[in-house]
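Right, one structure below, let's go through it.
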Amino acid sequence: MTSDEPALGEHLRGFAATLPILSDWKTFFAELHDALQRAPFDMIAAETAALAYGPQFPLLISDLEQLQHLVALVDPHFRAVVLRLDIPPPTPGEELQTTMVYVALPAGYPDVAPCFTCGDVPVIDSAPPPRSPPSDTGAVVSVPWSRVTRFDGAIPHLVAQLQRYHAYWSELELLSASARVRSSYVEAPTKQDNIDGAAKPTPRAVAWRTIDLGNFVSLELPLDPLNVRDGHIPISHAKFTGPSAAVTVLQTKWMVRAAGAWDGSLSLAQNLETVLEIKLVPPQSSRDHSQQSGDDAPGCAICYEGSEDRALEVFCSCGEQFHTECIVGIFRRQGKRQVQVMIFGECPVCNMTLPVKCT
């Protein structure tokens, strides 16, 4: 529900005024039906003519009401709805994965099929960073549509399509619980983002992760969303950053051991520890963070260390901060243009241009 006023004409102003105080979807639809019953049908058809629903508008409302157990947001103009879906695991015993699906309701509903997009569907990208951020909209999920069965027929197909990514989403959660991990380029969308035009990509849509290996070394690792554990690991696309001596040791182990020592029955975190013969740096808890110097002590977005020993001298407009040697090391490895004491690259978090003074 939203507090914005639906543009459905003067005869629904009273219903619009109640939106801020409606506590649940059952009440929402009860109030909406009451408002529609009080309005002459020809006025409803005229007011919804811009949406081309006409006489089918009550059918749309009825269909949304049947979906109320899945509804997370409704566009005030009834042009879209956001559904919250629980995706079951392919095999029993694992937890459900929850995702949000944006449903664009077209003119001509139900004869014209809605468009389903999901911001959690991963972008399959074989090129290593840096690269352009994902598109501004989530991936379209192809779902068969019938004007007879409508959502009753479409939702099971939608869940089945998204179930392919259950293992990938679960593995991301496990990796984040085992190591300090960052997904680049994408911030979690707000509720308003998800109703303003289309689903927005989330961090789960980026099939790359930057993993802290300790000793100021990070690993940029591509993931296979459809076969996340025992899929082919593109060895040459894994990128190590940090001090050259430490990077050389880990890079050598990776190139020699990754193909043979990778075990599809183990998690990504366990495989990394086995292949690289290290112990991953555990994620920083909120308690650990509060014990740093100051109540909100910043850290380098590359090595995750604070400013106690080395100053954070590089700042990006997205809010991230970096040690000079960390960000310059990445830029030089990427072959970025350097003019005298300035090197020009992109922020590894938001991809904005970031000039850095190096020594």
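Here is a list: Thr2, Thr91, Thr98. Which entry is modelled with pLDDT under 55 and within 30 Å of the chain's Cα centre (by Cα)?
Thr2
Could you list, in sequence order, the residues of the range 88-106 that are open to solvent by less than 90 Å² (accessible area, probe 1.4 Å) and assigned to a loop (DSSP other than H, G, I, E, B)?
If we filter the range 88-106 for residues that are open to solvent by less than 90 Å² (accessible area, probe 1.4 Å), which is where we start, we get 88-91, 93, 97-106.
Passing the criteria: Pro88, Pro89, Pro90, Thr91, Gly93, Leu105, Pro106.
Consider the range 141-161. How many of its residues are in a helix (DSSP H, G or I) and open to solvent by 40 Å² or more (accessible area, probe 1.4 Å)?
6
Evaluate the range 162-181: report whether one residue or more is under 16 Å from Leu85 (Cβ atoms), modelled with pLDDT of 90 or more, in a helix (DSSP H, G or I) and in contact with a Ser or Thr (Cβ under 7 Å, 6 or more places away or on another chain).
Yes, that holds for at least one residue.
Among residues belonging to the range 255-272 that are part of a helix (DSSP H, G or I) and open to solvent by 50 Å² or more (accessible area, probe 1.4 Å), point out the one that is farthest from Cys303 (Cα to Cα).
The first filter runs over the range 255-272 and keeps only residues part of a helix (DSSP H, G or I), leaving 255-261, 268-272.
The next check asks that each one be open to solvent by 50 Å² or more (accessible area, probe 1.4 Å); those that pass are 255-257, 259-260, 270.
On the way: Met255: 22, Val256: 25, Arg257: 24, Ala259: 26, Gly260: 28, Gln270: 21 Å.
Per the criteria, the residue is Gly260.
I want to confirm something. Restricting to the range 306-359 and keeping residues that are open to solvent by less than 50 Å² (accessible area, probe 1.4 Å), over 18 Å from Pro243 (Cα atoms) and touching a Pro at 6+ places or on another chain (Cβ under 7 Å), which single residue is modelled with the lowest pLDDT?
Ranking the candidates gives Asn351 first.
Checking Pro76 against (1) modelled with pLDDT under 75; (2) over 28 Å from the mean Cα position of the chain (by Cα), which test does it fail?
The failed condition is (2).
So for the range 129-140 (the condition being surrounded by fewer than 20 Cβ atoms within 10 Å (Cβ to Cβ), in a loop (DSSP other than H, G, I, E, B) and modelled with pLDDT of 80 or more), does at least one residue qualify?
Looking for residues that are surrounded by fewer than 20 Cβ atoms within 10 Å (Cβ to Cβ), in a loop (DSSP other than H, G, I, E, B) and modelled with pLDDT of 80 or more, one finds none in the range 129-140, hence no.
The values are calculated or read from the model by the stated rules, or taken from the named source; none is laboratory data. Values in this document were obtained by computation on a predicted structure and should not be read as measured data. In this analysis, Cβ positions are derived from the backbone assuming ideal geometry, glycine residues included, and neighbour counts consider all displayed protein chains. Accessible surface areas use protein heavy atoms only, side chains included; no ligands, DNA or RNA. Shrake-Rupley method; radii C 1.70, N 1.55, O 1.52, S 1.80 Å.
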